[in-house]
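Here is the structure we will look at, set down as C-alpha coordinates.
The values are calculated or read from the model by the stated rules, or taken from the named source; none is laboratory data. Note that this is a predicted model, so its numbers are computed, not measured. So basically every Cβ, Gly included, is an ideal-geometry build from the backbone, and we count neighbours across all protein chains shown.
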(Lines give C-alpha, C1' and ligand atoms only; values in the text may rest on other atoms or scores of the structure.)
Protein backbone atom coordinates (compact mmCIF):
# COMPACT_ATOMS: atom_id res chain seq x y z
CA UNK A 1 0.00 0.00 0.00
CA UNK A 2 2.16 2.82 -1.32
CA UNK A 3 0.02 5.55 0.20
CA UNK A 4 0.27 4.08 3.69
CA UNK A 5 3.91 2.92 3.60
CA UNK A 6 4.89 6.40 2.52
CA UNK A 7 2.49 8.35 4.69
CA UNK A 8 5.24 10.44 6.27
CA UNK A 9 6.78 11.29 2.91
CA UNK A 10 3.35 12.29 1.60
CA UNK A 11 2.85 14.60 4.58
CA UNK A 12 6.23 16.24 4.04
CA UNK A 13 5.52 16.67 0.32
CA UNK A 14 2.08 18.14 0.96
CA UNK A 15 3.48 20.49 3.61
CA UNK A 16 6.01 21.67 1.05
CA UNK A 17 3.28 22.26 -1.56
CA UNK A 18 1.36 24.42 0.92
CA UNK A 19 4.46 26.32 2.10
CA UNK A 20 5.56 27.05 -1.49
CA UNK A 21 2.12 28.12 -2.68
CA UNK A 22 1.70 30.36 0.36
CA UNK A 23 5.21 31.80 -0.04
CA UNK A 24 4.68 32.62 -3.73
CA UNK A 25 1.46 34.43 -2.95
CA UNK A 26 2.91 36.23 0.09
CA UNK A 27 5.94 37.32 -1.97
CA UNK A 28 3.54 38.94 -4.44
CA UNK A 29 2.14 40.97 -1.52
CA UNK A 30 5.54 42.19 -0.29
CA UNK A 31 6.56 45.84 -0.86
CA UNK A 32 9.93 44.54 -2.14
CA UNK A 33 8.30 42.13 -4.65
CA UNK A 34 10.98 43.09 -7.22
CA UNK A 35 13.53 41.29 -5.03
CA UNK A 36 11.33 38.23 -4.65
CA UNK A 37 10.83 37.25 -8.29
CA UNK A 38 13.32 34.38 -8.23
CA UNK A 39 11.66 33.09 -5.08
CA UNK A 40 8.23 33.23 -6.72
CA UNK A 41 9.52 31.32 -9.76
CA UNK A 42 11.09 28.58 -7.67
CA UNK A 43 8.09 28.35 -5.33
CA UNK A 44 5.86 27.64 -8.34
CA UNK A 45 8.05 24.90 -9.75
CA UNK A 46 8.55 23.39 -6.32
CA UNK A 47 4.83 23.35 -5.49
CA UNK A 48 4.02 21.73 -8.84
CA UNK A 49 6.65 19.01 -8.63
CA UNK A 50 5.89 18.17 -4.98
CA UNK A 51 2.18 17.85 -5.77
CA UNK A 52 2.87 15.56 -8.72
CA UNK A 53 5.34 13.49 -6.71
CA UNK A 54 2.75 12.96 -3.97
CA UNK A 55 0.24 11.75 -6.57
CA UNK A 56 2.73 9.37 -8.18
CA UNK A 57 3.88 7.90 -4.87
CA UNK A 58 0.27 7.23 -3.91
CA UNK A 59 -0.39 5.52 -7.24
CA UNK A 60 2.86 3.53 -6.96
CA UNK A 61 4.15 4.78 -10.31
CA UNK A 62 7.09 3.07 -12.00
CA UNK A 63 8.79 6.45 -12.11
CA UNK A 64 8.53 7.36 -8.44
CA UNK A 65 12.29 7.28 -7.85
CA UNK A 66 13.03 9.39 -10.92
CA UNK A 67 10.50 11.92 -9.72
CA UNK A 68 11.68 12.03 -6.09
CA UNK A 69 15.24 12.62 -7.37
CA UNK A 70 14.10 15.58 -9.45
CA UNK A 71 11.85 16.80 -6.64
CA UNK A 72 14.78 16.81 -4.20
CA UNK A 73 16.88 18.91 -6.59
CA UNK A 74 14.09 21.47 -7.02
CA UNK A 75 13.42 21.58 -3.26
CA UNK A 76 17.16 22.27 -2.75
CA UNK A 77 17.06 25.20 -5.19
CA UNK A 78 13.84 26.63 -3.78
CA UNK A 79 15.02 26.24 -0.18
CA UNK A 80 18.33 27.96 -1.01
CA UNK A 81 16.56 30.95 -2.53
CA UNK A 82 13.99 31.22 0.27
CA UNK A 83 16.85 30.95 2.77
CA UNK A 84 18.15 34.30 1.49
CA UNK A 85 14.96 36.05 2.64
CA UNK A 86 14.69 34.86 6.24
CA UNK A 87 13.29 38.23 7.33
CA UNK A 88 10.06 37.17 5.62
CA UNK A 89 8.32 34.55 7.75
CA UNK A 90 6.87 32.84 4.67
CA UNK A 91 10.34 32.44 3.16
CA UNK A 92 11.89 31.13 6.37
CA UNK A 93 9.07 28.61 6.78
CA UNK A 94 9.24 27.63 3.13
CA UNK A 95 13.01 27.11 3.28
CA UNK A 96 12.49 24.74 6.21
CA UNK A 97 9.69 22.84 4.43
CA UNK A 98 11.90 22.50 1.34
CA UNK A 99 14.85 21.24 3.40
CA UNK A 100 12.70 18.53 5.01
CA UNK A 101 11.14 17.58 1.70
CA UNK A 102 14.48 17.34 -0.13
CA UNK A 103 15.78 15.07 2.63
CA UNK A 104 12.70 12.86 2.59
CA UNK A 105 12.76 12.57 -1.20
CA UNK A 106 16.43 11.67 -1.19
CA UNK A 107 15.93 8.94 1.41
CA UNK A 108 13.29 7.44 -0.88
CA UNK A 109 15.48 7.78 -3.97
CA UNK A 110 18.51 6.06 -2.41
CA UNK B 1 -2.43 32.74 6.12
CA UNK B 2 -4.60 30.58 3.94
CA UNK B 3 -2.41 27.50 4.31
CA UNK B 4 -2.62 27.61 8.10
CA UNK B 5 -6.25 28.71 8.50
CA UNK B 6 -7.27 25.85 6.27
CA UNK B 7 -4.82 23.26 7.53
CA UNK B 8 -7.57 20.73 8.30
CA UNK B 9 -9.16 21.15 4.89
CA UNK B 10 -5.76 20.70 3.24
CA UNK B 11 -5.22 17.48 5.18
CA UNK B 12 -8.61 16.13 4.15
CA UNK B 13 -7.98 17.07 0.51
CA UNK B 14 -4.53 15.48 0.52
CA UNK B 15 -5.88 12.34 2.17
CA UNK B 16 -8.48 12.15 -0.61
CA UNK B 17 -5.80 12.55 -3.31
CA UNK B 18 -3.84 9.65 -1.80
CA UNK B 19 -6.92 7.45 -1.34
CA UNK B 20 -8.09 8.05 -4.92
CA UNK B 21 -4.67 7.50 -6.49
CA UNK B 22 -4.22 4.32 -4.46
CA UNK B 23 -7.73 3.10 -5.28
CA UNK B 24 -7.26 3.67 -9.03
CA UNK B 25 -4.04 1.72 -9.01
CA UNK B 26 -5.43 -1.05 -6.82
CA UNK B 27 -8.51 -1.35 -9.06
CA UNK B 28 -6.17 -1.96 -12.01
CA UNK B 29 -4.71 -4.89 -10.04
CA UNK B 30 -8.09 -6.49 -9.28
CA UNK B 31 -9.14 -9.69 -11.10
CA UNK B 32 -12.50 -8.03 -11.74
CA UNK B 33 -10.94 -4.89 -13.25
CA UNK B 34 -13.65 -4.85 -15.94
CA UNK B 35 -16.16 -4.00 -13.20
CA UNK B 36 -13.95 -1.26 -11.80
CA UNK B 37 -13.53 0.98 -14.84
CA UNK B 38 -15.99 3.63 -13.70
CA UNK B 39 -14.29 3.69 -10.32
CA UNK B 40 -10.88 4.17 -11.98
CA UNK B 41 -12.21 7.05 -14.09
CA UNK B 42 -13.74 8.84 -11.12
CA UNK B 43 -10.69 8.21 -8.92
CA UNK B 44 -8.52 9.97 -11.50
CA UNK B 45 -10.71 13.04 -11.79
CA UNK B 46 -11.15 13.19 -8.03
CA UNK B 47 -7.41 12.96 -7.33
CA UNK B 48 -6.66 15.69 -9.87
CA UNK B 49 -9.28 18.13 -8.65
CA UNK B 50 -8.46 17.59 -4.95
CA UNK B 51 -4.74 18.18 -5.64
CA UNK B 52 -5.48 21.38 -7.55
CA UNK B 53 -7.91 22.57 -4.88
CA UNK B 54 -5.27 22.10 -2.19
CA UNK B 55 -2.81 24.17 -4.22
CA UNK B 56 -5.31 26.96 -4.81
CA UNK B 57 -6.39 27.14 -1.19
CA UNK B 58 -2.76 27.43 -0.10
CA UNK B 59 -2.17 30.22 -2.61
CA UNK B 60 -5.40 31.98 -1.56
CA UNK B 61 -6.76 32.00 -5.12
CA UNK B 62 -9.71 34.21 -6.01
CA UNK B 63 -11.43 31.07 -7.30
CA UNK B 64 -11.11 28.91 -4.22
CA UNK B 65 -14.86 28.76 -3.57
CA UNK B 66 -15.67 27.89 -7.18
CA UNK B 67 -13.11 25.11 -7.03
CA UNK B 68 -14.23 23.71 -3.68
CA UNK B 69 -17.82 23.60 -5.00
CA UNK B 70 -16.72 21.59 -8.04
CA UNK B 71 -14.44 19.45 -5.91
CA UNK B 72 -17.32 18.56 -3.57
CA UNK B 73 -19.46 17.43 -6.53
CA UNK B 74 -16.69 15.22 -7.89
CA UNK B 75 -15.97 13.77 -4.45
CA UNK B 76 -19.68 12.93 -4.15
CA UNK B 77 -19.64 11.08 -7.48
CA UNK B 78 -16.41 9.24 -6.75
CA UNK B 79 -17.51 8.30 -3.24
CA UNK B 80 -20.85 6.99 -4.54
CA UNK B 81 -19.11 4.76 -7.09
CA UNK B 82 -16.50 3.50 -4.64
CA UNK B 83 -19.29 2.84 -2.15
CA UNK B 84 -20.63 0.15 -4.53
CA UNK B 85 -17.43 -1.88 -4.14
CA UNK B 86 -17.06 -2.06 -0.37
CA UNK B 87 -15.66 -5.60 -0.59
CA UNK B 88 -12.48 -3.96 -1.85
CA UNK B 89 -10.69 -2.29 1.06
CA UNK B 90 -9.31 0.42 -1.23
CA UNK B 91 -12.81 1.34 -2.44
CA UNK B 92 -14.28 1.38 1.05
CA UNK B 93 -11.45 3.60 2.31
CA UNK B 94 -11.68 5.83 -0.74
CA UNK B 95 -15.44 6.24 -0.35
CA UNK B 96 -14.86 7.39 3.23
CA UNK B 97 -12.08 9.83 2.20
CA UNK B 98 -14.36 11.24 -0.51
CA UNK B 99 -17.25 11.65 1.92
CA UNK B 100 -15.09 13.62 4.36
CA UNK B 101 -13.58 15.71 1.59
CA UNK B 102 -16.93 16.59 0.03
CA UNK B 103 -18.18 17.69 3.45
CA UNK B 104 -15.09 19.80 4.17
CA UNK B 105 -15.23 21.42 0.72
CA UNK B 106 -18.90 22.24 1.13
CA UNK B 107 -18.35 23.85 4.54
CA UNK B 108 -15.74 26.09 2.88
CA UNK B 109 -17.99 26.85 -0.08
CA UNK B 110 -20.94 27.93 2.03
CA UNK C 1 -13.09 10.26 -29.97
CA UNK C 2 -13.12 13.23 -27.61
CA UNK C 3 -9.57 14.31 -28.39
CA UNK C 4 -10.29 14.51 -32.13
CA UNK C 5 -13.84 15.94 -32.00
CA UNK C 6 -12.52 18.71 -29.76
CA UNK C 7 -9.19 19.28 -31.48
CA UNK C 8 -9.82 22.99 -31.99
CA UNK C 9 -10.87 23.50 -28.37
CA UNK C 10 -7.75 21.64 -27.22
CA UNK C 11 -5.57 23.91 -29.35
CA UNK C 12 -7.21 27.03 -27.94
CA UNK C 13 -6.82 25.73 -24.38
CA UNK C 14 -3.17 24.82 -24.92
CA UNK C 15 -2.47 28.21 -26.52
CA UNK C 16 -3.98 29.83 -23.44
CA UNK C 17 -1.81 27.72 -21.11
CA UNK C 18 1.31 28.84 -23.00
CA UNK C 19 0.25 32.50 -23.15
CA UNK C 20 -0.55 32.60 -19.42
CA UNK C 21 2.65 30.82 -18.36
CA UNK C 22 4.71 33.10 -20.57
CA UNK C 23 2.87 36.21 -19.34
CA UNK C 24 3.37 35.30 -15.67
CA UNK C 25 7.08 34.81 -16.21
CA UNK C 26 7.43 37.95 -18.33
CA UNK C 27 5.55 39.99 -15.69
CA UNK C 28 8.13 38.86 -13.12
CA UNK C 29 10.81 40.34 -15.40
CA UNK C 30 9.12 43.73 -15.79
CA UNK C 31 10.54 46.80 -13.99
CA UNK C 32 6.98 47.56 -12.83
CA UNK C 33 6.44 44.06 -11.40
CA UNK C 34 4.69 45.61 -8.37
CA UNK C 35 1.85 46.63 -10.70
CA UNK C 36 1.67 43.17 -12.26
CA UNK C 37 1.00 41.03 -9.19
CA UNK C 38 -2.71 40.55 -9.87
CA UNK C 39 -1.88 39.58 -13.44
CA UNK C 40 0.67 37.01 -12.23
CA UNK C 41 -1.88 35.49 -9.82
CA UNK C 42 -4.56 35.18 -12.47
CA UNK C 43 -2.12 33.88 -15.10
CA UNK C 44 -1.20 31.05 -12.74
CA UNK C 45 -4.76 30.01 -12.02
CA UNK C 46 -5.70 30.33 -15.68
CA UNK C 47 -2.77 28.22 -16.89
CA UNK C 48 -3.55 25.50 -14.33
CA UNK C 49 -7.26 25.28 -15.09
CA UNK C 50 -6.78 25.36 -18.88
CA UNK C 51 -4.19 22.56 -18.67
CA UNK C 52 -6.50 20.43 -16.53
CA UNK C 53 -9.48 21.13 -18.78
CA UNK C 54 -7.51 19.99 -21.84
CA UNK C 55 -6.62 16.74 -20.06
CA UNK C 56 -10.22 16.11 -19.00
CA UNK C 57 -11.64 16.81 -22.43
CA UNK C 58 -9.18 14.38 -23.98
CA UNK C 59 -10.13 11.69 -21.45
CA UNK C 60 -13.85 12.40 -21.96
CA UNK C 61 -14.43 13.04 -18.27
CA UNK C 62 -17.96 13.12 -16.88
CA UNK C 63 -17.16 16.58 -15.51
CA UNK C 64 -15.98 18.22 -18.71
CA UNK C 65 -18.86 20.69 -18.86
CA UNK C 66 -18.47 21.70 -15.22
CA UNK C 67 -14.78 22.29 -15.84
CA UNK C 68 -15.20 24.26 -19.09
CA UNK C 69 -17.74 26.51 -17.31
CA UNK C 70 -15.23 27.25 -14.53
CA UNK C 71 -12.42 27.60 -17.06
CA UNK C 72 -14.38 30.20 -19.03
CA UNK C 73 -14.95 32.27 -15.88
CA UNK C 74 -11.26 32.21 -14.99
CA UNK C 75 -10.24 33.06 -18.57
CA UNK C 76 -12.62 36.04 -18.39
CA UNK C 77 -10.99 37.30 -15.19
CA UNK C 78 -7.45 36.75 -16.44
CA UNK C 79 -8.17 38.35 -19.81
CA UNK C 80 -9.77 41.39 -18.14
CA UNK C 81 -6.71 41.93 -15.94
CA UNK C 82 -4.22 41.39 -18.79
CA UNK C 83 -6.30 43.77 -20.91
CA UNK C 84 -5.35 46.58 -18.49
CA UNK C 85 -1.68 46.19 -19.39
CA UNK C 86 -1.78 46.30 -23.19
CA UNK C 87 1.55 48.16 -23.32
CA UNK C 88 3.16 44.85 -22.42
CA UNK C 89 3.10 42.56 -25.47
CA UNK C 90 2.78 39.47 -23.26
CA UNK C 91 -0.31 40.89 -21.55
CA UNK C 92 -1.96 41.92 -24.81
CA UNK C 93 -1.32 38.49 -26.33
CA UNK C 94 -2.49 36.76 -23.16
CA UNK C 95 -5.70 38.81 -23.04
CA UNK C 96 -6.45 37.70 -26.60
CA UNK C 97 -5.69 34.03 -25.85
CA UNK C 98 -7.95 34.21 -22.79
CA UNK C 99 -10.77 35.80 -24.78
CA UNK C 100 -10.65 33.04 -27.39
CA UNK C 101 -10.43 30.34 -24.76
CA UNK C 102 -13.35 31.68 -22.73
CA UNK C 103 -15.47 31.74 -25.88
CA UNK C 104 -14.47 28.22 -26.91
CA UNK C 105 -15.14 26.88 -23.42
CA UNK C 106 -18.54 28.52 -23.29
CA UNK C 107 -19.57 27.10 -26.65
CA UNK C 108 -18.71 23.64 -25.25
CA UNK C 109 -20.54 24.28 -21.99
CA UNK C 110 -23.77 25.39 -23.64
CA UNK D 1 10.09 34.06 -25.76
CA UNK D 2 10.18 30.45 -24.62
CA UNK D 3 6.59 29.74 -25.64
CA UNK D 4 7.24 30.88 -29.24
CA UNK D 5 10.78 29.50 -29.71
CA UNK D 6 9.49 26.13 -28.59
CA UNK D 7 6.13 26.21 -30.32
CA UNK D 8 6.73 22.94 -32.16
CA UNK D 9 7.84 21.15 -28.99
CA UNK D 10 4.75 22.45 -27.19
CA UNK D 11 2.52 21.10 -29.96
CA UNK D 12 4.17 17.68 -29.80
CA UNK D 13 3.86 17.62 -26.01
CA UNK D 14 0.19 18.65 -26.11
CA UNK D 15 -0.55 16.06 -28.81
CA UNK D 16 1.02 13.45 -26.55
CA UNK D 17 -1.10 14.56 -23.58
CA UNK D 18 -4.26 14.19 -25.69
CA UNK D 19 -3.21 10.83 -27.17
CA UNK D 20 -2.34 9.40 -23.74
CA UNK D 21 -5.50 10.66 -22.04
CA UNK D 22 -7.63 9.32 -24.89
CA UNK D 23 -5.78 5.98 -24.90
CA UNK D 24 -6.19 5.51 -21.14
CA UNK D 25 -9.92 6.14 -21.40
CA UNK D 26 -10.33 3.97 -24.51
CA UNK D 27 -8.39 1.14 -22.84
CA UNK D 28 -10.92 1.24 -19.98
CA UNK D 29 -13.65 0.66 -22.58
CA UNK D 30 -11.96 -2.34 -24.20
CA UNK D 31 -13.37 -5.85 -23.60
CA UNK D 32 -9.80 -6.98 -22.86
CA UNK D 33 -9.21 -4.24 -20.28
CA UNK D 34 -7.40 -6.76 -18.05
CA UNK D 35 -4.61 -6.85 -20.63
CA UNK D 36 -4.44 -3.07 -20.86
CA UNK D 37 -3.73 -2.17 -17.23
CA UNK D 38 -0.03 -1.46 -17.76
CA UNK D 39 -0.93 0.71 -20.73
CA UNK D 40 -3.43 2.67 -18.62
CA UNK D 41 -0.85 3.22 -15.87
CA UNK D 42 1.80 4.48 -18.29
CA UNK D 43 -0.69 6.63 -20.20
CA UNK D 44 -1.56 8.43 -16.99
CA UNK D 45 2.03 9.15 -15.99
CA UNK D 46 2.88 10.17 -19.54
CA UNK D 47 -0.06 12.57 -19.86
CA UNK D 48 0.78 14.18 -16.50
CA UNK D 49 4.48 14.67 -17.20
CA UNK D 50 3.92 15.97 -20.75
CA UNK D 51 1.36 18.50 -19.48
CA UNK D 52 3.71 19.71 -16.75
CA UNK D 53 6.65 19.87 -19.19
CA UNK D 54 4.61 22.04 -21.57
CA UNK D 55 3.78 24.42 -18.71
CA UNK D 56 7.41 24.64 -17.56
CA UNK D 57 8.76 25.25 -21.06
CA UNK D 58 6.28 28.08 -21.56
CA UNK D 59 7.29 29.64 -18.24
CA UNK D 60 10.98 29.19 -19.06
CA UNK D 61 11.64 27.25 -15.87
CA UNK D 62 15.21 26.68 -14.67
CA UNK D 63 14.41 22.96 -14.63
CA UNK D 64 13.17 22.58 -18.17
CA UNK D 65 16.02 20.34 -19.27
CA UNK D 66 15.71 18.09 -16.23
CA UNK D 67 12.00 17.74 -16.95
CA UNK D 68 12.35 17.09 -20.70
CA UNK D 69 14.89 14.36 -19.90
CA UNK D 70 12.45 12.66 -17.54
CA UNK D 71 9.58 13.24 -19.95
CA UNK D 72 11.51 11.53 -22.79
CA UNK D 73 12.13 8.47 -20.59
CA UNK D 74 8.45 8.18 -19.68
CA UNK D 75 7.36 8.68 -23.30
CA UNK D 76 9.74 5.85 -24.26
CA UNK D 77 8.17 3.53 -21.70
CA UNK D 78 4.60 4.47 -22.60
CA UNK D 79 5.27 4.20 -26.33
CA UNK D 80 6.87 0.77 -25.89
CA UNK D 81 3.84 -0.53 -23.99
CA UNK D 82 1.31 0.98 -26.41
CA UNK D 83 3.36 -0.46 -29.27
CA UNK D 84 2.46 -3.96 -28.02
CA UNK D 85 -1.25 -3.29 -28.66
CA UNK D 86 -1.22 -2.01 -32.25
CA UNK D 87 -4.55 -3.74 -32.97
CA UNK D 88 -6.14 -0.97 -30.90
CA UNK D 89 -6.12 2.27 -32.92
CA UNK D 90 -5.77 4.36 -29.76
CA UNK D 91 -2.65 2.43 -28.73
CA UNK D 92 -1.06 2.65 -32.17
CA UNK D 93 -1.71 6.38 -32.34
CA UNK D 94 -0.50 6.88 -28.78
CA UNK D 95 2.71 4.94 -29.48
CA UNK D 96 3.41 7.25 -32.41
CA UNK D 97 2.66 10.40 -30.38
CA UNK D 98 4.99 9.13 -27.61
CA UNK D 99 7.78 8.38 -30.11
CA UNK D 100 7.62 11.90 -31.53
CA UNK D 101 7.43 13.47 -28.09
CA UNK D 102 10.41 11.49 -26.75
CA UNK D 103 12.45 12.56 -29.76
CA UNK D 104 11.46 16.23 -29.43
CA UNK D 105 12.17 16.23 -25.67
CA UNK D 106 15.58 14.64 -26.23
CA UNK D 107 16.55 17.20 -28.86
CA UNK D 108 15.76 19.91 -26.30
CA UNK D 109 17.65 18.13 -23.53
CA UNK D 110 20.87 17.70 -25.52
Restricting to helices (runs of 4 or more DSSP H) lying wholly in segment D:1-71: which have 1 or more residues that are at pLDDT 95 or above and surrounded by 18 or more Cβ atoms within 10 Å (Cβ to Cβ)? D:7-29, D:37-58
Checking residue A:89 against (1) within 14 Å of chain B (Cβ to nearest Cβ); (2) surrounded by fewer than 24 Cβ atoms within 10 Å (Cβ to Cβ); (3) under 30 Å from residue D:76 (Cβ atoms), the condition it does not meet: (3)
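Could you please find all residues in segment C:32-51 being more than 22 Å from residue B:64 (Cα to Cα) and facing another protein chain (nearest Cβ under 8 Å)? Outline the logic, then answer.
Step one: filter segment C:32-51 for residues more than 22 Å from residue B:64 (Cα to Cα), giving C:32-35.
The answer is C:33, C:34.
Looking only at segment A:4-20, decide whether some residue is more than 30 Å from residue B:94 (Cα to Cα), facing another protein chain (nearest Cβ under 7 Å) and in contact (Cβ under 8 Å) with a residue 12 or more places away in the chain.
Filtering segment A:4-20 for residues more than 30 Å from residue B:94 (Cα to Cα) gives none.
Checking segment A:4-20: not a single residue is more than 30 Å from residue B:94 (Cα to Cα), facing another protein chain (nearest Cβ under 7 Å) and in contact (Cβ under 8 Å) with a residue 12 or more places away in the chain.
Of everything in segment B:52-72 that's touching a residue at least 24 places away in the same chain (Cβ under 8 Å) and facing chain A (nearest Cβ under 10 Å), which residue is nearest to residue B:23 (Cα to Cα)? Full working, then the answer.
Taking segment B:52-72 first, the residues touching a residue at least 24 places away in the same chain (Cβ under 8 Å) are B:53-54, B:57-60, B:64-65, B:68-69, B:71-72.
Narrowing further to those that are facing chain A (nearest Cβ under 10 Å): B:54, B:57-60.
Numbers: B:54: 19, B:57: 24, B:58: 25, B:59: 28, B:60: 29 Å.
For segment B:52-72, the residue satisfying everything is B:54.
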Quick one: residue C:84 ticks every box in (1) surrounded by fewer than 24 Cβ atoms within 10 Å (Cβ to Cβ); (2) within 7 Å of another protein chain (Cβ to nearest Cβ); (3) under 13 Å from residue C:98 (Cβ atoms) except a single one, so which number is it? (2)
